[in-house]
Each structure stands twice: as C-alpha cells, then as structure tokens.
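Contents: one structure, followed by commentary.
The values are calculated or read from the model by the stated rules, or taken from the named source; none is laboratory data. Fair warning: this is a prediction, and the values are worked out from it, not measured in the lab. Cβ: placed from backbone, ideal geometry, glycine included. Neighbour counts: every protein chain shown. Side chains are part of the model used for accessible areas, which takes the heavy atoms of the whole protein and leaves out ligands, DNA and RNA. Shrake-Rupley method; radii C 1.70, N 1.55, O 1.52, S 1.80 Å.
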Amino acid sequence: MQKLLIFAILFITYITYSSWVYTRGTDRASIMSSHQELGKQIYQEYNCQSCHQLFGLGGYLGPELTTVISDKNRGELYARILLENGAIRMPNFHLSPKQVNALIDYLKYVDANAFTYKTDGK
Ligand code: HEC
C-alpha cells in the first residue's frame with residue numbers, strides 16, 4: 001500500500017512538472033515585420049554574409065553583425081554611417097535611404113533575438 005502511495009505521489013509530481021515545463025513555451029523569438037523582411041532580402045541580395053557573420057555564420061572579412069545595434073561601441077548610428085558611406089574595406093553599395101532603413105531594421109530584428117549572444121548587464 002505504501003509503495004503504491006509513493007508511486008502515485010511521484011507520478012502526480014511528474015505529470016504536474018511536465019505539463020508546467022511543456023506549456024511555458026521556450027520560443028521567445030518575435031515575428032519579422034515585412035519591412036525587416038525587406039532588409040533581410042537586401043542583406044541576401046548584396047551578399048553581406050560573404051564578409052559578415054550573423055549568429056556566427058558567414059564570412060570573416062568584416063565584423064560579426066549579430067549585436068551591432070545594441071553594442072555599446074557601435075550602435076545604430078555607426079552602422080548607418082558605414083552603410084551609407086562604406087569604409088576602407090567595407091564597400092559603398094550606394095544604397096538608397098530606403099534600403100539602408102530596411103537593413104537597419106533587419107539588423108534590429110536580429111539583435112533583438114540574439115538572446116544567447118548577450119550577457120545580462122554587460
Ligand atoms: C567585401 C566585404 C564586405 C561586404 C560585402 C560587406 N561588408 Fe560590411 N564591413 C566590411 C568590413 C571589412 C567592415 C569593417 C569596417 C572596415 O574595415 O571597412 C564592415 C563594417 C560594417 C558595419 C559596421 C559594423 C562594424 O562593427 O564595423 C556594418 C553595419 C556593415 N558592415 C554592414 C554591411 C551590410 C548590411 C552589408 C551588405 C549590404 C555589408 N556590410 C557588406 C566588409 C564588408
């Protein structure tokens with residue numbers, strides 16, 4: 001009788017814990033807006049990934065861009081200037097202001113979803 005009781009307690013604990021874990025949801029990623037989607041297309045069209053990495057994937061001539069927007073030493077304005085003018089090794093693609101805005105918006109999306117790339121408070 002005692003064994004049955006222990007089994008029942010363990011079973012109920014297991015069911016309760018499992019349903020708690022599996023209903024909480026782990027996917028915190030947000031949905032991409034159509035403007036951000038446009039930025040993603042431009043990113044692919046201009047082959048930005050041949051020089052840059054997002055989430056560690058891409059070329060290594062240019063810097064990692066996953067958190068370029070929230071980075072204390074870089075940020076949106078810096079990214080915008082680079083996109084509008086190019087730099088020594090970063091080509092100037094002569095992008096329209098519309099394209100630049102979409103690219104920045106896409107980079108914001110990437111940044112906002114880069115949970116594992118950020119350490120809290122740093
Ligand atoms: C030929 C390689 C190359 C391509 C293609 C390229 N970049 Fe870059 N990019 C660079 C390099 C290198 C830098 C660093 C600045 C420098 O040395 O000129 C840079 C810097 C940047 C920066 C500033 C971030 C930082 O940490 O310096 C942003 C934002 C950026 N690139 C976005 C883009 C986007 C968006 C595209 C596609 C439209 C793109 N790049 C295509 C090479 C490239």
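Within the range 104-122, if we keep just the residues that are assigned to a helix (DSSP H, G or I) and acidic (Asp, Glu), the residue that is farthest from residue 67 (Cα to Cα) turns out to be 105. Scanning the range 32-47 for residues being among the hydrophobic types (A, V, I, L, M, F, W, C) and part of a helix (DSSP H, G or I) gives a total of 2. Which residue is modelled with the highest pLDDT, if the candidates are limited to the range 25-47 and must be acidic (Asp, Glu) and surrounded by fewer than 11 Cβ atoms within 10 Å (Cβ to Cβ)? Per the stated criteria, the residue is 45. State which residue is least open to solvent (accessible area, probe 1.4 Å) when the search covers only the range 69-103 and only residues that are near the ligand (Cβ under 8 Å from one of its atoms), outside any helix (DSSP H, G or I) and out of contact with any helix residue (DSSP H, G or I) (no Cβ under 7 Å at 6 or more places or on another chain). Here the answer is 86.
Yes/no matrix, rows are residues, columns are (1) out of contact with any Asp or Glu (no Cβ under 7 Å at 6 or more places or on another chain); (2) farther than 21 Å from residue 88 by Cα:
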| position | (1), (2) |
| --- | --- |
| 36 | no, yes |
| 39 | no, yes |
| 56 | yes, yes |
| 65 | yes, no |
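Within the range 48-68, can you find the residues that are part of a loop (DSSP other than H, G, I, E, B), near the ligand (Cβ under 6 Å from one of its atoms), open to solvent by less than 80 Å² (accessible area, probe 1.4 Å) and over 16 Å from residue 111 (Cα atoms)? Matches in the range 48-68: 51, 62.
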